[in-house]
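Colleague: Here it is, the structure, as structure tokens.
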Amino acid sequence: MITSTYFTLAIVMMACITFAVRYAFFASSINLKLYPQFKRLLVFTAPCVLTAMVMPIMFQDGLANNLNDSLNNDLSLANINALLSSSYFWAGILAIGLSLMIRQTLLVIVLSMAGFYALRYFGLG
């Protein structure tokens, strides 16, 4: 059983690991040289992490609608209907479309959030 002490210890340990990794990159006292190929790969870190955080939220309604079918990898009609009636899914699709058309990140975020709140306000999801 997980108690609050273990949970707090886990959070503190994750914070220490995160700090140590970031300190190694930003501290001027540590002379860390990265290969140019590795530097080019680091450009994709933020989109990958963001995608890993957002995708489960976008598909949560379609996957969690019928837990038994989802565990059996059965793509039932109920799951598809739940997914298509989810405001998270449609707001994610809107954000993807806007990011492909508009290159201003802040404008894409504002328009995507406005689209999400409009979907929620008018009764979708």
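Colleague: In region 78-125, what residues are without any contact (Cβ under 8 Å) to a residue 40 or more places away in the chain and among the hydroxyl-bearing types (Ser, Thr, Tyr)?
Modeller: Ser86, Ser87, Tyr88, Ser99, Thr105, Ser112, Tyr117, Tyr121
Colleague: What are the pairs with Cβ atoms under 8 angstrom where one residue, in region 23-50, is farther than 27 Å from Ser99 by Cα and the other, located anywhere, is part of a helix (DSSP H, G or I) and modelled with pLDDT of 80 or more? Sequence gap at least six, or different chains.
Modeller: Final answer for the pair search is Ile30/Tyr23; Leu34/Leu42.
Colleague: If I filter region 26-48 for residues that are under 19 Å from the mean Cα position of the chain (by Cα), modelled with pLDDT of 85 or more and within 29 Å of Arg120 (Cα to Cα), do I get at least one hit?
Modeller: yes
The values are calculated or read from the model by the stated rules, or taken from the named source; none is laboratory data. Treat the numbers as computed from the prediction; the structure is a model and nothing was measured. Glycine also receives a Cβ, built like all others from the backbone with ideal geometry; neighbour counts cover every protein chain displayed.
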